[in-house]
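For reference, the structure is listed below as structure tokens.
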Amino acid sequence: MTPDYSMMQQLLSTTLPEATPAALHGLVAGLLSSGAPDIDEEDIATLMQTQLPPVVGQLVAMLITSTRDQLQESDFSFQLLLPQDDAALVERIQALGHWCESYTAGFAAGFMQAETALGSEGREALTDIAQLASLSDEIDDDLDDEENDYMELVEYVRMAAIALFQQLAAADADANAGDEAAAFMAPDDEDHLLH
């Protein structure tokens, strides 16, 4: 279960004020989507270049588990951790920008595969997410028409994160299957001595 945004924001404001729930979740989701092997709260602390207070470390561990579980679900249940719909649109747009910025940073830090594993669609999705990081700088005063645009952007980013996670998980599984096949096909010393 994903933590509640406002409760998480209250906790972070008193224990780690430089972090936002959206940015923290984006960082976790980016690392997981990159195909990074098992990550933990220490990896997040390293990327944030800070020591996590114990209560935040527990929160991050829970966030990693819930985010991984959601990304692995076949029903596309993964959701971005953003303010609720009753929050001001400006606040939600800023949070989406922070989420995208942190997602990009997490993805870049964890991506260790060949660039071809991304494919052209994956590269395009990452570029789009990176461009959305500047959303908070481009907020207009006329927000009436932007509610629908915001919802469409959230859905696009959500589906892009799921697609990247699934694509790189499949590429990783194919690479591991190839390694296992190569190990199976390689002659061992005993077999070599018999010929």
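The values are calculated or read from the model by the stated rules, or taken from the named source; none is laboratory data. The structure displayed is predicted, hence computed values, not measured ones. Cβ: placed from backbone, ideal geometry, glycine included. Neighbour counts: every protein chain shown.
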Can you find a residue that is among the polar types (S, T, N, Q) and under 12 Å from the mean Cα position of the chain (by Cα) anywhere in the stretch 93-107?
yes
Subset of the stretch 132-145 that is modelled with pLDDT of 70 or more and surrounded by fewer than 16 Cβ atoms within 10 Å (Cβ to Cβ) - its residue that is farthest from Phe111 (Cα to Cα):
Asp145
Answer yes or no: is there a residue in the stretch 152-166 that is modelled with pLDDT under 90 and either touching a Pro at 6+ places or on another chain (Cβ under 6 Å) or part of a helix (DSSP H, G or I) (or both).
no
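How do the helices (runs of 4 or more DSSP H) wholly within the stretch 1-85 filter down when requiring 3 or more residues that are within 29 Å of Glu152 (Cβ to Cβ) and in contact with a Cys (Cβ under 7 Å, 6 or more places away or on another chain): which remain?
none
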If Ala130 satisfies every condition in (1) farther than 18 Å from Gln166 by Cβ; (2) touching an Asp or Glu at 6+ places or on another chain (Cβ under 7 Å) but one, which is the exception?
(2)
From Leu126, Leu153, Leu118, Leu81, residue being in contact with a Leu (Cβ under 9 Å, 6 or more places away or on another chain) and more than 25 Å from Ile39 (Cα to Cα)
Leu153
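How many residues are outside any loop (DSSP other than H, G, I, E, B) and surrounded by fewer than 18 Cβ atoms within 10 Å (Cβ to Cβ) when one looks only at the stretch 86-99?
Of the residues in the stretch 86-99, the ones outside any loop (DSSP other than H, G, I, E, B) are 89-99.
From what's left, surrounded by fewer than 18 Cβ atoms within 10 Å (Cβ to Cβ): 89-91.
Within the stretch 86-99, residues that are outside any loop (DSSP other than H, G, I, E, B) and surrounded by fewer than 18 Cβ atoms within 10 Å (Cβ to Cβ) number 3.
In this structure, is Leu16 at pLDDT 95 or above and out of contact with any Asp or Glu (no Cβ under 9 Å at 6 or more places or on another chain)? Don't jump to the end; show me each part of the working.
Numbers: at pLDDT 95 or above: no; out of contact with any Asp or Glu (no Cβ under 9 Å at 6 or more places or on another chain): yes.
Here the answer is no, as Leu16 does not meet what is asked.
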Considering every residue within the stretch 32-47, establish whether at least one is under 13 Å from the mean Cα position of the chain (by Cα) and closer than 22 Å to Glu91 by Cβ.
no
